[in-house]
Each structure stands twice: as C-alpha cells, then as structure tokens.
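No value in this document is a laboratory result; all are computed from the given coordinates. Predicted model, so just to flag it, every value in this text is computed and none were measured. Cβ: placed from backbone, ideal geometry, glycine included. Neighbour counts: every protein chain shown.
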C-alpha cells in the first residue's frame, strides 16, 4: 500500500503578475503559505516510516502558472554504508533526517533538493522549464507583515548578470534528454569518498564528539551542495560521502601523528600524506591551529596526467625515500589567533578540494571579478578558487569560475573512474538514526548504549529500541543513559553570543532550536551584530550603513586597513574607518579593529594580532613542500656541493670544535678544576670530534649514493682525501690527550 503525505501550498500573487521585485537581484517572486505544524508532523511521521514507499513525502502546489508535485525522500547520501567512526571505541550519533531530495513526480530527469526545518521547505527545483528556488520570506522581508512565510522565484527572474554565473547552460528539451542520458551512464562514478580526521586541538575547541561530528557534517554538506550544483562541462552531480572518521581527543595518544604542538602547515600536510589513503578518494585533517602567513588550508593539486597529487592518487615511493598518499589536504578554523566563521571555513574546504580536483588559483579578469575596477563586478566578489582572502558573503564566493570548471572537468574525465563510486545507501551501524531505524549505537564493539540493539544483532532487532525503552542517546542529547527523556528545561546546548542556551522539552530526544537573541546585539568583539540567531551582520548595519574594506591607496593611512570600515549604501566612495570624522556621528570617533584573521586591504591579506595587514603568499607553503618531495635535483645538488667543497665541511667542523673547546675552557664550574677534569674535557672534545667525523662520512655516503652512477672516481678521490685528513685529526687529538 502506497502511503504518501501531501501538503497543498497556496501561492499568494502580489501586486503584479510578472513584476513583483523581492530585492535588487530578484525581479519577481510569489509567496507561499501553508500550515508549518502540519508539515512538521508529516516530516516526523516520514522519519519513522519502515517500508520503502512510506519514506516519501509529497508537496503539491501551484506557482508561476504551473502545477508542482514534489516527491521527495530523505537524502541519505552523505555517509557511506560502511562508515567507520573511530572515537576511542565509542559511537557518535548524528541525525540528518531534515535533508530531502527527489523529483517532480512524473517528470523524469528533474531534481528537487532542500530541507524541512520547523515545517518549512527550503531548496531548489530543477525542471524542464528552468530552475525554481524556494526560500524563507523573513530572509528578504523581515519585519514586514505579509500573509506568507516562503517565497518562490524562477532563475529567469534573477538579474541578467547573475545568470552569467550559473554553470548550467541553457538547453532545449532535446539537449536536456541528451545530458540526462550522459549523467545516468556515469551515475555509478559520481561520488568521492572521504576520510576525515580531526586532531586533539580541533576537539579541544569544539569540546564534544557530537560537536566535532556536526562540524564534519556541515563542511561536507556545504561542499556537496556546491559541487552538485556545478556543471563540470557535462559532468554533473559530483557528490561527497564520508567513509571513515577518526577523532583524536587527547594529545597524549601516541597513535595520533598530529599530537605535537608546533607543526608548520607544510609538515602538517606531509604528516597526513605519510599515511596510506588508498581506500579513499580524498583524506583531510581538520585542526584548530594558527599557521603562519594566514594559511587556512593546504592541498595537493590534481592534474589530468603526469603530476602526482589530487583525487584518487595512490600511495607511492617518492624521491625523498618515503611513501606518500597525495590525495590529501588540511583545513584549520583558526587564523591569526581568531576563529573564522563557518561560512569562510566551508569555502576554504571547497577551495582546497578544488585544488585536489585539478583547479589552480583563478587568474585573469574573466575569473577574478573582485579585482575589477567596475563596481558592478567588484561587488559580486571573487570565486571559490581566488588565491587570497575571502569574506564568504559575496555572490560569487561559493561558485566556481569558468576557469576552474574547465580545469576540473579535465581531471574528472581522466581520474574519476579510478576511485569514484556509486552513491550508497545508509546502513545500520554507522551511528546515524536513519529511515527504518529507531536508534543506531554502532556495532557490538562500539555500542555503549543499553537502550538500543547494536548492528550485530539479527535483522529483526538491530537498530531498534530494546523492550520498554523510551529513547536512546543515539537519537539526540535529550535522552538519558537510562533510556528516558531528560526533563524540561534541562540544558542540551550552550549559550552563544547570538542565541540562548538550548533546553530539552521533555518529550523528544532531540535538542530543540535555541531562541535567538535580539537582532543587532553586538557580537564578535563588537565588530558584528546578531541576525536571526547568528553572528552574521556587520556593526555597520546597526546604523543603516554597509560594510566595506579600507583599501591601500596613495595618501591613505594604512593603519586603517585593519579597522572596521563602513560606507553609505551603494556609495563606495564614502568607505571610511569607524574612527573617522565622516562616521563620527555613529561611532563617536571610536576605532573598532577587525578581529585577528579578518580579510583586509580589499581581500589581499589578513590582519595579524598586531593589527597589521599581512599579504597572503598563496602558493608558498605548497611550493616548498612540493620542491622537497618531488625535486631529486635538490638532493643531487647537496651531494655535488659536498663533493666540490669537502674542505669547507671539514673546516666548519674544525672551527666548531675549537669554539666549543674555548668556551669549555673559560666556563666556570662549581666543582674544583683539576687535571683529571681537564682530561675529561679533552675526552669530550675528542668524542665530539669523532661524532663530527662520522657525520662527514655519512654526508659522503650520501654523495656517493647519489653520484656514484656517474662520478665514481670523484667520490673515491674525495673519500680518500677525507680519510687522510681524518687520520691527521685523530693523531693530533691522541697526541693532545696523552700529553696532558
């Protein structure tokens, strides 16, 4: 029996059938209104559905002169069937049941994707007649009394210059069928499986395993939306799936290769690369470290052929004598002693994965509009693969440029068949409560839950609640270890700058949404304000101004580069520091500085802790690491130098030994100075000299190994000279010892 839950959404057409502008970008929209409590109820029932057909949720409505029947089910493509979560042997619950995907019923090849939160659907609809977008009305019409809670608009109603950023080419019905066939033939090779590790510093910042997993999930979801929404020259629906997670909790764990405190960004990436990641498309490490030069991420760049690195790259031996997996990258959430907003971190992740997929940094006027002198282009911002800083809130910041699309499409064409897989289905044991499951505490060696049957139990028991148990901690933080709901007003989420603490409601295992604090409450060091529960607005908005960046110009005080700057709306010529005379009526000439790590100088750098704008060296760390691993000439040059300048090596050692002897002789000691002690000094010096001689032998061995195939005679000559000289040193040392 087919059971589907349908909700009829009634559109409100407002003041003009074709020209009802929503804002300066969207020229026409229609409003949607329906019972959100009813939709939320249907969503909850769909979550608990057991049969395949019961998992679908139908939404029917009329808008833009046509009928929509959306047939959707929960999107379970984020985590692999055989997902492994390693956190000291304990399971980690996470629920993504609010994400839906599907199609327009009866129209094959269409796609709908979005979320249902608090009974509201938000997402996009791809149809034969173009793309439609559904968003909450308060996002655009906050404070206005309107008889609807959602808006729907068509891509053709977005201003023309926005359409040029859309990566889906316009197509007639015949082209749509052709492209759909191409996508279907590649369906089994569209998913990149990920191995995500987090170090102990990342855990220390987020404090709980649940928060760490939530961060992983949000990052992967963010890039999944970007890549799935991009047409890579006919290759579509590129998605990501987490196959394995490893969370390091304590620094003392010797199995954690990232346990050391002072690791540079190049070494951090190299430590990740020294592990074998052959089972994964990409392997990333998330950390909370403040790397030099404002680096937020680092990754190996893929190429269609030749160059090693990027997606699907296998572990192999390199010229430095080590085996490495170069399908790797790293991400940090800290920059100049300040934590970056999630939006910036998500874009950083998308940026580094873009390198893995084969895209270098954007260049040229076509692909760096943020550098344009045209204000119309500049305000849209740069694309994902821009080399320097990004604020994350510009229109282009979460899109790929056509330059990146061309490069990535070439790598996907050559390499995705090597390791990409078909999107899998969820499975009992991955720690996520999914459709058909009452709970999920992992496998028997992981499950510490007395409320839930583990995944090793028979099919009629596994991932189900045990008899007389009300809930399981795997369902959410509002269930106790004794399998009952926590009481009302028991805290389940910490208070943030813009939202009150979350409190359990006594009837659900999940933590309800926190109440937001008042809009325009100051946050983030009084450089931003709260909007709808998030610290997302600029302090400028509190006074009806727009945020801007003070750029370096002739005659302009460069100390302002790291000030909060505001301008009158749509008037960039008025961009001034909060401490300026121009803005004195708003800020009383009080200088407000940007938090360390903020973009500065028109996004060319980041502010450091001394409020100095540091320009970003985008390619420096990777170039240094690449040279160390791939350049055998580096080692050959070292060996050749030793051979050519053997006398300099020995002279350096002689000088060092003499210096140490002099310092030793003139250093006062607390015990009596005797002839025996002087002899002990000489023995120590002799020991150091012997060690130094041995070190030179090792250097010459390196030279011989590198140069022996082409210069065996030279190596033998140098070795002989060195041995004669070492005999001289040894005899001199022995004479000195016996004459004391």
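To the nearest 0.05, what FRET efficiency results for residue 319 and residue 660 with a Förster distance of 45 Å applied to their C-beta separation? Please list the in-between numbers first.
On the way: r = 35 Å, r/R0 = 0.78.
Efficiency computed from Cβ-Cβ geometry: 0.80.
Taking 0.36 nm per residue of separation and subtracting the Cα-Cα distance, full extension of the segment from residue 67 to residue 40 would add 7.5 nm.
Between residue 402 and residue 489, full extension at 0.36 nm per residue minus the direct alpha carbon distance yields a gain of 26.2 nm. Put in line by how crowded their Cβ is, counting other Cβ atoms within 10 Å and starting with the fewest, 569, 204 read 569, 204.
Here the simple spin-label model places points 7 Å from the Cα toward Cβ, and for residue 612 and residue 305 these points are separated by 4.8 nm. Fully extending the segment from residue 543 to residue 559, taken as 0.36 nm per residue of separation minus the present Cα-Cα distance, adds 3.4 nm.
Between residue 418 and residue 374, the FRET efficiency from the beta-carbon distance, with R0 = 30 Å, is close to 0.10. Between residue 211 and residue 507, the modelled labels are 3.0 nm apart [label points 7 Å from Cα along Cα→Cβ]. With r defined as the distance between the Cβ atoms of residue 251 and residue 481 and R0 fixed at 22 Å, what FRET efficiency is calculated, to the nearest 0.05? Computed FRET efficiency for residue 251 and residue 481 comes out at 0.20. When only alpha carbons are used to place a centre, segment 274-323 and segment 494-526 end up 38 Å from one another. Each label was represented as a point 7 Å from its Cα along the Cα-to-Cβ direction; for residue 456 and residue 591 these points are 6.4 nm apart.
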